[in-house]
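One structure is given here, and the rest of the page talks about it.
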Amino acid sequence: MSTQRLGIIMHGVTGRMGMNQHLIRSIVAIRAQGGVLLANGDRVMPDPILVGRNAEKMEKLAAAHGIARWGTDLDAALANPDDTVFFDAGTTQMRPQLLAKAIRAGKHVYCEKPIATNLNEAVEIARLAEEARAEKGLKSGAVQDKLFLPGLRKLDMLRRAGFFGEMLSVRLEFGYWVFEGDLQPIQRPSWNYRTEDGGGMILDMMCHWRYVLDNLFGEVQSISCLGATHIPKRWDESGKEYVATADDAAYATAELKGHNGEHVIAQMNMSWATRVRRDDLVTFHVDGTHGSAVAGLQECRAQSRVATPRPVWNPDVKQTMNFNDQWQEIPDTEFYDNGFKIQWEHFIRHVVEDAPYRWTLPEGAKGVQLVEAALQSWKERRWIDVPELKV
């Protein structure tokens, strides 16, 4: 069996997500395990070149992780025919232009979400990717990492097994307290709270919720959303005070068409101004006629119809039931690797051996569609239909 090289141009990997999840925990980890195994027994070894504006950062990052190649000239990197994949985890504002440049240079493209800040640009770059696929065989992919989390994979197993019966509703709770920066250091980048820099809860998280809802619970049909900027004043990385112009929370309800045709209601609360009293930083509570389940990032617990207790409402006495203890934990039946790494492996197989792959740029455009619908709902204070997106 042989090992073949795959040259990957990695742009924007000095940021938190790009460096930790995509470079260190995905590409470096894949290299350490001996590459990606193909169906015929061969392997693919990623050979990355790190590209960014700051030469000192690039050199230091490459040296720290045993990567031989780095540079500051993106055009030169795109001109190298030996590197056939372009990956971007830089700023959302620049992403459509960078992806278009890479596609026109004949590269397969893979990128973080959102794929654009507005739907017009998202559809335009998705359409360009589809044309390049049809004409030149170029592949595209958008990060949809939540689908590969252990908790959601267990939840999906329950769904595929028919555990829920008729699915009724989904309740999504996400968020935690992000420090303002005056008394304690911030733990998220300050640009997240400036609209002009591509920040905002709705833009950041609705892209995630779209693919989670579509794939696990049902296709989004309509949405009602209210955004908020609960903390109007924050302090940046240098301790300088600034005005938060982006939404730091959103509260939404969506109507879904379930996989079996049922009408499913999804409630989504997301906030960077809430203190956590739940099992995880994000939880998905699913109710169905035959059972319910609650999943976090790693764990999933379920309660079947026949194991559902009979609580009695009596506000005059202290509750004696421990409701948390009445749920059964879904066991780990396999090894759950890093979700970002798993999707990288899928994409590499898609590029090299044309393995099936559905997480494309058109799918990424659906996330931006839901972002715009949610923002429109907030602005106009009404329900917004989410039609089928045609690219």
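The values are calculated or read from the model by the stated rules, or taken from the named source; none is laboratory data. Note that the structure is predicted; figures quoted are calculated from it, not measured. FYI the Cβ positions are ideal-geometry reconstructions off the backbone, even for glycines, and counts take in every protein chain you see.
In segment 300-342, which residues are among the hydroxyl-bearing types (Ser, Thr, Tyr) and either assigned to a strand (DSSP E or B) or more than 30 Å from ILE30 (Cβ to Cβ) (or both)?
Residues satisfying the conditions are SER304, THR308, THR320.
Being buried (at least 21 other Cβ atoms within 10 Å of the Cβ) and in contact with a helix residue (DSSP H, G or I) (Cβ under 7 Å, 6 or more places away or on another chain) is the filter here, so list the residues in segment 370-385 that pass it.
Hits for segment 370-385 are LEU370, VAL371, ALA374.
Can you tell me which residue is surrounded by the most Cβ atoms within 10 Å (Cβ to Cβ) among those in segment 49-88 that are β-branched (Val, Ile, Thr) and under 15 Å from ARG31 (Cβ atoms)?
This residue is VAL85.
Consider only pairs whose beta carbons are under 8 Å apart and that are at least six residues apart or on different chains; among these, list those whose first residue lies in segment 1-23 and is within 16 Å of GLY71 (Cα to Cα) and whose second residue is part of a strand (DSSP E or B) and charged (D, E, K, R).
GLY7/ASP47; GLY7/ASP83; ILE8/ASP47; ILE8/ASP83; ILE9/ASP83; HIS11/ASP88; GLY12/ASP88
Keeping to segment 282-305, report how many residues are within 17 Å of VAL264 (Cα to Cα) and among the β-branched types (Val, Ile, Thr).
3
So, in segment 110-149, of the ones that are touching a Leu at 6+ places or on another chain (Cβ under 7 Å) and under 22 Å from ALA266 (Cα atoms), which residue ends up surrounded by the most Cβ atoms within 10 Å (Cβ to Cβ)?
Taking the candidates together, the pick is PRO114.
Check GLY261 against each of (1) surrounded by 15 or more Cβ atoms within 10 Å (Cβ to Cβ); (2) out of contact with any helix residue (DSSP H, G or I) (no Cβ under 8 Å at 6 or more places or on another chain); (3) within 30 Å of VAL386 (Cα to Cα); (4) not aliphatic (A, V, I, L, M) and name the one condition it does not meet.
The one condition GLY261 does not meet is (1).
So, in segment 202-253, exactly how many residues are part of a strand (DSSP E or B), among the aliphatic types (A, V, I, L, M) and in contact (Cβ under 8 Å) with a residue 60 or more places away in the chain?
Result for segment 202-253: 6.
What do you reckon, is ARG310 over 30 Å from ALA250 (Cβ atoms) and in the same structural domain as ALA122 (by TED's automatic domain parsing)?
no
Quick check on segment 10-44: of everything there that is within 21 Å of the chain's Cα centre (by Cα) and assigned to a strand (DSSP E or B), which residue is surrounded by the most Cβ atoms within 10 Å (Cβ to Cβ)?
MET10
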